[in-house]
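Working notes, beginning with the structure itself.
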Amino acid sequence: MSKRYLIRRLLLVVPVLLGTILIVFALVFLTPGDPVARLAGNKPLAPSTYNEIRAQYHLDQPFVEQYLYYLDGLIHGDLGATFTGRDVSSIIRERFPVTLKLTLGAFAIEVVLGLILAVVAAVKRRTLLDSAILVFTLFMITVPVIVLGFVLQYVFGVKLHWLPVAGIQDGAASYILPSLTLGLGLAASLGRLARSNVLDNMQGEHIRAAIARGLPRRRVVGRHVLKNSLVPIVTILGLDFAYLMGGAVITETIFNLPGLGFSLIQGIKTQNGPMVVGLVTLSAIIFVFTNLFVDLLCARIDPRISYE
Amino acid sequence: MSDPVLTVDDLHVEFRTEDGVVKAVDGVSYELGKGEILAVLGESGSGKTVHARAVLRILDMPPAYITGGRAMLGDVNLFDLDEADMREVRGARIAMLFQDPHTALDPVYTVGDQIIELLRLRRGISTREARAQALELLQWVGIPSPEGRLKAYPHQLSGGIAQRVMVAMAIALDPDVLLADEPTSSLDVTVQAQVLELLGSIVKRTEMSMVLITHNLAVAVGLADRIAVMYAGQLVELGPAKAVYGDPKHPYSAALLRSIPDIQRRDERLPAITGSPPNLLNAPDGCPFNPRCPYATDVCLTAMPPLEQVADDHLSACYHWDEVER
Amino acid sequence: MRGSLRVLVVGMAVTFVAAACSSNSSGGGSAAPGQQGGSFTYANCEPTHLIPQNDYESCGTQAFQGLWTRLVDFDPTTYKPVPAQADSITASSDGLTYDIKIKPNWTFHNGEPVTAQSYVDAWNYAAYGPNAYILNFFFDKIEGYDALNPSSGTPKTKELSGLKVVSDTEFTVKLTAPFSQFEYTLGFDAFDPLPKAFYQDPKAFDEQPIGDGPYMMDGKWQHDQAVNLQRYPDYAGTPGFADKITLAIYQGDAAWLDFQAGNLDITNVGSDHLNEARKSYSDTLSEEPGASLLYLNLPLYDPQYQNPEVRQALSLALDRQAVMNAILVAEKPATDFMPPAVTGYREGVCQYCQYNVDLAKQKLADAGGFNGTLTLNFYADDTTLEQAMEAVATQWKDNLGIDVKLNAIPQNTYFSGSSPIYQKKMTGPWWDGWTEDYPSIQDFLEPIYGANGGYNTSGYLNKQFDATLNQGNQQGLEEAIPTYQQADDMILNDMPAIPWGYIGFNTVHSDNVTNVVKVPGLDELDLAKVQVVGASGASASAS
Amino acid sequence: MSDDLMPPPESEVKPQSVIEAIALPTGGKQLTLWGDVWRKLKRDKRFYVAAFLIIIFVLMAVAPFLFLVKDPSVCPITDSALPMSKAHWFGTDILGCDYYTRVIYGARTSLEVGLIVSSLSIVIALTFGASAGYFGGWVDTVISRWADIWFSIPTILGALLVLTLFNGGGPVLVSLVIVMFAWPDMTRLVRSTVISGKSRGYVRAARTMGSRGRRILRRHVLPNGIAPVLVFAAYVVGSSVGAEAGLTFLGVGLRLPTISWGLQLAVADTRFPEDAYLMFWPSLFLCLLIGAFILLGESLRDAMDPKLFGGDV
């Protein structure tokens, strides 16, 4: 991998992000409705109030100018404000840690559980344990997040009182159930994929050669098989990480977590342009950079991968 | 012959699949003396590779199972060992050399990583010591500027160099027996000779014994003391290399010999063995070679010929061994 | 939101409650003697602002209920205004000028005295157009409002000419036209006083407001998590019982589960879980009529709906109670054009709100039937409402043979200026609701059905009705009520809309608290009255 | 002999193709690609489970009357939320409809969404992905960057936005919106398959024999690239069914009177935990449908090319 390649990749980020922002901006702009009038429900907002608020948010300007205003603000680090007057950047700052913690929790479960399931199933392939893991993972992948979330919440929160039901007031404990809700499905998905990957690599000639050299099986699986299976796994993990950081809308709603995903839903429902654009842009940025990171990581893992 | 280093006795390996049971190795026996090179010759699917993997117990189970026989390393039947003891045998007593060095080397670790890992784990020495030994080994197998190669990834090496690395790893623990499974078939012709020469010199210098698995009769004749010919999982002929080459006693061996181009007879068309290798799922009754055999008679269709002594140290499994002509 | 999405949605779409009181000095003061101390948690939602003049939804007003003491509260049985922070409110004989005396020696939570100036400054600030405060329009009846909100350009003055400070504890309000119910409107948070600290930094104030109520902020507003309150020790009114109150912020169904798990002391129960609450929490469940009326608004500009008999038939064909048993559990069938917790409400006067299929069929036949498909509009994104609308459609289909099509409209467009509702381009009935700004019958008549009503979207025009309302507006506070009722009678017969029902204000609470009561006339919990069981009283200062 | 070398009893022998197992000669019998795939599928239990379930669901979609359903529009409100009984196998929903009937009818919507999304994705992917991969250069740059832009917006978030714009809609609209944000995945897959296929022997051979670009693409690259696409398409069916349920649950997807599991889950959500059965049935069916397509995808993957997708043998 050359430095030039890295620079080129970074430069490519710019048009992609501009395009993303433009698309999201257009979508929000095109959405019919009047976010300002909505502030007062069906009570008549005073015309002076109404016009003043619209002017404050450049809503009285044509689309292109609104877009340019937004880009101008963005360059200066200003993500705009919500129609209730709060800075989008401060909302993001406030909610980012919530989503980050949730993501890290879910991600940890995905990585640890997913890889354990994969390796165990692969090593014990075609045994009862393998079949059990396959059935379990299939179930975890298919069960809707809504259902899993509610069931976990009800069983461990309401019935057993082991863990908090909702909110983030109980610190780390608050994140356990939501992380499980997200992480179990991802772990199962990763587990299935990684299992076939690990199996495939276990049949590789170099693994047979390593065994033939008398290396302990545990080490062969743990070092050689795993590292060889890592490229597709890391790729999936990267996508999942970006997806999680985009905000797990449903999970955050179920568990009352004030994170990015919930803000986005609120933003969309209240037609809060700056908030929606800010959040989607953020998730696109995270996505693009996670992808880049994953590519770099893959090249480190497998020296055969090279970028021009 | 002195006490054999490795004795393979009536080895049976089956593949159990949904399609049926395949007898991939069906009663193979031979003895390997100290410092001896035995070539196991056969087409792909003849069971020559499977038998070697069975000896080292590195078959994929399932679907492959060792269903009978013994593999005696000295006084020890390898098939009686538990997995931990067997691991001690691998590499240190019996090593294996693989066909394609690029697939047999782990692509995501450097050459150095892999050799040092082997030495550290099996010799119990420090990384620093292992590194020094690794350099020594690479030098020993004739790799120029070994320091640089240690840092190289397998895909950065040529086939010849990579196979030399594999040789280095195979002999790193001073094994008694080297199972070389088609060690040159993936290499360029010019390199093949070099690697074969290296193997020959190693056997000479270390008194190591070697089973050379190959489909190439010329390779076998050039290097081996004795040749064992396998067909459809069975040993059909076993004898001194010169004898098998000069006076084959099995029609299959004879057919193989005829298919080698001979400089003296360049005017003739090269005869191929007619017919195709048997489908082991439903092998023919009697001698498995009978559909392709020009000497086949009724008896060949009903009963498998036993492996009989036909000359000094020369065995053949053919009712018509005395009719066979080169 | 309070327990269910639906309530929030209704709340937002309808508009939010107004006035409230803090119970201390007035009507609701019949609290059982109890000890001060302890703390409790109540499920609330995320306010848009914590500045009373800039917030118009129930999440905020619930917080203001503890943070401020409004000028007036409402009587728990008649719902008439009773002075709270006000000492007295007197209208001039022409009904144009109101003289407001406030109670002396009250202080804000930062120690600053509450004076007449605190009120006047706050009102001026909110009425000043460029400040763009949401409740700006609440001041439009006061003289000088137009000067602060010119149709174009910057206003030349920043003060309402109708406001005059007489002394530290007295000021006068001059209206542009007589309005008998003005005193009711003073129960709304738009008329709360603001301390000087507000003007220095309104943004910071929004994060940690300083009011004059029984409770003060305990730390900053934790967005989307909680608003924490603690008892204000120097409160001049009747102090609250609990030492600390957490208004926990929920956004989904989590509050109900959290309550079941025992993590919440008090929560409201909406339609979705009321049946379960009636079963499992019957001993602490309280169901009281709330302050909104839900109705099906009608496009009277469409010839199809101009015959009153069609409208009567549509109303008669609805088995409201059946839908409320199954889906809208927290609602009760309407029997008037307003909910019960309103001065002037009369039980059972809506004869066409009964379920009478035979009469409905007959009325529709008399009117010549219904042509084509009826489009029933409602706002999207509310599963329970969607189910209810499906049930309504089925009833019209089954009972009147009308083919009904459902049309869900996004909430953003529902009440926007360009919405077909305001453009008078609706093609069928639409789900609507009205939450009172003050508990007077007038608030459910004039804004919706008056010729100049701010929310007359049906296009209803009845000169006699308007004249009667106007007559009521000129009269005194109490004598106006029967006049308004006469106007009510006119629309009860004319059915310009189909009254549906009113939502209950329903709460359940844990064993940790007692005396969980609603603020009379408003959809708010009376925070100061809640007593924590086993509170030691050690910290009691009490009056 | 040590135990682990001995074969298990005959009955425990797991299905395994001998050809894959030891690369033994097959006695000269040549197998076509699809014949081989079919032969491998026939011995894969997952394929049977998947096929059985999918057939059942397709029957539900095209011929619900086979399942003894009632009229889905008969919903007496007085029968709201009845428990399971002989008259109502799954109980009734909040509107009083027979829940069994409504759940069975939900299969049609889900399958519709799944099939539209996957088939449209295939068309787009084969057109743009193959062009980008085969022609390279500026064609590749334009298509790839355009795909990157859409790829960087998470499907659910993007679909949320667009569906808000359209104010929900029917299965077709919801499917189109999902495709809008999901197409880059498969396009990228096709592109990389084509790029790697381009350098393979048969393509080089065709080129040296004078075949033109488009012909090579159509006759040689695409057929060999179609295998991963088909596998991916099976996953797409499952994931788009899930996406539809999620979007509908979030209130921007399907609307009444469409019968959909997503809508049923949204209603069940409001009544959880009291009427848990409302959540159980649609999620069970959703699980089975998505699971069936996952299994189908996996068995296809392993049958088509165990090495290509890292499948187990």
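Laboratory data are not the source of any read-out in this text; all were calculated from the coordinates shown. It should be emphasised that the depicted structure is a prediction, and the values quoted were computed from it without experimental measurement. No Cβ is skipped: glycine too gets one built from the backbone with ideal geometry, and neighbour counts run over all protein chains shown.
Kirkwood Rh over Cα pairs of the range B:1-136 into Stokes-Einstein at 10 °C, 1.306 mPa s: D in µm²/s?
My calculation gives 94 µm²/s for D.
Under the definition of Cα pairs under 8 Å and six or more residues apart, what whole-number percent is the relative contact order of chain C? All intermediate terms of the calculation are to be shown ahead of the outcome.
On the way: 1311 pairs, mean separation 125.1, N = 543.
Once divided by the residue count of chain C, the mean separation gives 23 percent.
Taking a quarter of the surface of the Cα convex hull of the range D:127-192, what do you get in nm²?
Numbers: hull surface 17.9 nm².
Seen from a random direction, the Cα hull of the range D:127-192 projects 4.5 nm² on average.
Could you state the orientation-averaged shadow area of the convex hull built on the Cα atoms of chain B, in nm² to one decimal?
Averaging across all directions leaves 17.8 nm² for the Cα convex hull.
DSSP beta bridges in chain C, what fraction antiparallel, as a percent rounded to 5? List each step's numbers first, then the result.
Numbers: 51 of 67 bridges.
Taking every DSSP beta bridge within chain C, about 75 percent pair in antiparallel fashion.
Roughly speaking, what is the stretch gain from C:Q117 to C:D99, that is 0.36 nm per residue apart minus the C-alpha to C-alpha distance, in nm to one decimal?
Gain on stretching C:Q117 to C:D99: 5.1 nm.
Of B:I66, B:I227, B:I58, which is the most mobile in a GNM of chain B whose springs link Cα atoms less than 10 angstrom apart?
With Cα springs under 10 Å in chain B, the top fluctuation among B:I66, B:I227, B:I58 is at B:I58.
If one puts a single equal scatterer on every Cα of the range C:274-407 and applies the Debye formula without solvent, what log₁₀ I(q)/I(0) results at q = 0.11, 0.12, 0.22 Å⁻¹?
Taken in order of the listed q values, log10 I(q)/I(0) reads -0.45, -0.53, -1.47.
Could you give me D for the range B:145-192, from Stokes-Einstein at 10 °C and 1.306 mPa s, where the hydrodynamic radius is the Kirkwood radius over C-alpha pairs? Units µm² s⁻¹, please.
Value of D from the Cα-based Kirkwood radius: 133 µm²/s.
Using every alpha carbon pair in the range D:84-131, what percent of pairs falls into each 10 Å bin from 0 up to the bin containing the largest distance?
For the range D:84-131, the binned pair fractions read 24, 28, 19, 15, 12, 3 percent.
Run the helix sum for the protein assembly as shown: -39,500 (n - 2.57) per DSSP H stretch of 4+ residues, divided by residue count, reported at 222 nm to the nearest 500 deg cm²/dmol.
Numbers: 54 runs with 665 residues, N = 1490.
Mean residue ellipticity at 222 nm (helix-derived): -14000 deg cm²/dmol.
Counting only GluC sites (Glu not before Pro) that sit in a DSSP loop (anything but H, G, I, E, B) with at most 14 other Cβ atoms within 10 Å, what is the longest stretch of chain B containing none of them? Intermediate values should be presented prior to the final figure.
Numbers: sites that count: B:E18, B:E207, B:E268, B:E325.
Counting at most 14 other Cβ atoms within 10 Å as exposed, the longest clean stretch of chain B is B:19-206.
When C:C350, D:C97 are ordered from fewest to most other Cβ atoms inside 10 Å of their Cβ, what list results?
C:C350, D:C97
For the range A:141-181, what does the alpha-carbon gyration tensor say about shape, rounded, prolate or oblate, given a ≥ b ≥ c as the root eigenvalues, a/c under 1.5 as rounded, and a/b over b/c as prolate? Walk me through the numbers on the way to the answer.
Values: a/c = 2.59, a/b = 1.52, b/c = 1.70.
The shape class here is oblate.
How big is the range C:352-493 in terms of Cα radius of gyration and Dmax, in angstroms?
17.5, 48
Could you work out the relative contact order of the range C:416-543, using alpha carbon pairs under 8 angstrom and six or more residues apart, expressed as a whole percent?
15
How big, on average over all directions, is the shadow cast by the Cα convex hull of the range C:416-543, in nm²?
Approximately 12.4 nm², given one-decimal rounding.
Any chance you could give the angle, 0 to 90 degrees and rounded to 10, that helix A:63-75 forms with the longest Cα principal axis of chain A?
The angle comes out near 60 degrees.
Once you have the Kirkwood Rh of the range B:111-203 from its Cα pairs, apply Stokes-Einstein at 37 °C and 0.692 mPa s and quote D in µm²/s.
244
Mind checking the angle between helix C:58-67 and chain C's longest principal axis? C-alpha axes, 0 to 90 degrees, to the nearest 10.
It is inclined by approximately 30 degrees.
Measure nothing but the geometry: give the 0 to 90° angle between the long axis through the Cα atoms of C:383-400 and the longest principal axis through the Cα atoms of chain C, rounded to 10°.
30
Along its principal axes, what span do the Cα atoms of the range C:116-241 show, with the longest given first and each in whole Å?
The Cα atoms of the range C:116-241 stretch 43, 31, 24 Å along their principal axes.
Cα-based Rg (one decimal) and Dmax (whole number) for the range B:54-106, in Å?
12.4, 35
Take the Cα gyration tensor of the range C:317-377, multiply each eigenvalue by 5, square-root it, and list the three semi-axes largest first, rounded to whole angstrom. Intermediate results must be reported in sequence, preceding the final value.
On the way: eigenvalues 126, 52, 26 Å².
Semi-axes (√(5λ), whole Å): 25, 16, 11.
Cα-based Rg (one decimal) and Dmax (whole number) for chain A, in Å?
23.7, 84
How long are the semi-axes of the equivalent ellipsoid of the range C:257-337, defined as square roots of 5 times the Cα gyration tensor eigenvalues? Whole Å, largest first.
Numbers: eigenvalues 258, 30, 22 Å².
So the three semi-axes of the range C:257-337 are 36, 12, 10 Å.
Taking only the alpha-carbon positions of the range B:179-234 and ignoring solvent, what does the Debye formula give for the base-10 log of I(q)/I(0) at q = 0.24, 0.28 Å⁻¹?
-1.03, -1.31
How big is the antiparallel share of DSSP beta bridges in the protein assembly as shown, given as a percent to the nearest 5? Could the numbers behind the result be given before it?
Working: 84 of 119 bridges.
Close to 70 percent.
Can you give the % of DSSP beta bridges in chain B that are antiparallel, to the nearest 5?
About 60 percent, rounded to the nearest 5.
Excluding residues on the same chain fewer than 8 positions from C:K244, give the lysines whose Cα lies under 17 Å from its Cα.
C:K220, C:K529
Suppose R0 equals 41 Å; then what is the FRET efficiency for B:D298 and A:Q203 from their Cβ-Cβ distance, rounded to the nearest 0.05?
For R0 = 41 Å, the calculated efficiency reads 0.40.
Can you flag which of C:K158/C:K196; C:K103/C:K156; C:K103/C:K174 are past 23 Å Cα-Cα? Can you show the working numbers first?
Values: C:K158/C:K196 16 Å; C:K103/C:K156 33 Å; C:K103/C:K174 21 Å.
From C:K158/C:K196; C:K103/C:K156; C:K103/C:K174, over 23 Å: C:K103/C:K156.
Name the residue, out of A:V14, A:V123, A:V234, whose mean-square fluctuation peaks in a Gaussian network model built on chain A with Cα pairs under 10 Å.
A:V14
Express the C-alpha Rg of the range C:178-291 as a ratio against the empirical globular expectation 2.2 N^0.38 Å, rounded to two decimals.
Compared with the compact-globule rule of thumb, the range C:178-291 sits at 1.35.
Send over the semi-axes of the range C:124-178's equivalent ellipsoid, whole angstrom and largest first, taken as the square roots of 5 times the C-alpha gyration tensor eigenvalues.
Over the Cα atoms of the range C:124-178, the ellipsoid semi-axes are 20, 12, 10 Å.
For chain A, calculate the relative contact order in percent as a whole number, restricting contacts to Cα pairs under 8 Å that are 6 or more residues apart.
Rounded, it is 26 percent for chain A.
Report the dimensions of the range A:13-88 along its three principal axes from the alpha-carbon atoms, largest first, rounded to Å.
On the principal axes, the range A:13-88 reaches 45, 24, 18 Å in Cα extent.
Treating each Cα of the protein assembly as shown as an identical point scatterer and ignoring solvent, apply the Debye formula and state log10 I(q)/I(0) at q = 0.07 Å⁻¹.
-0.85
Label point 7 Å out from C:T375 along Cα-to-Cβ: which residues of the range D:150-184 have amide N under 17 Å?
Answer for this model: D:166-170.
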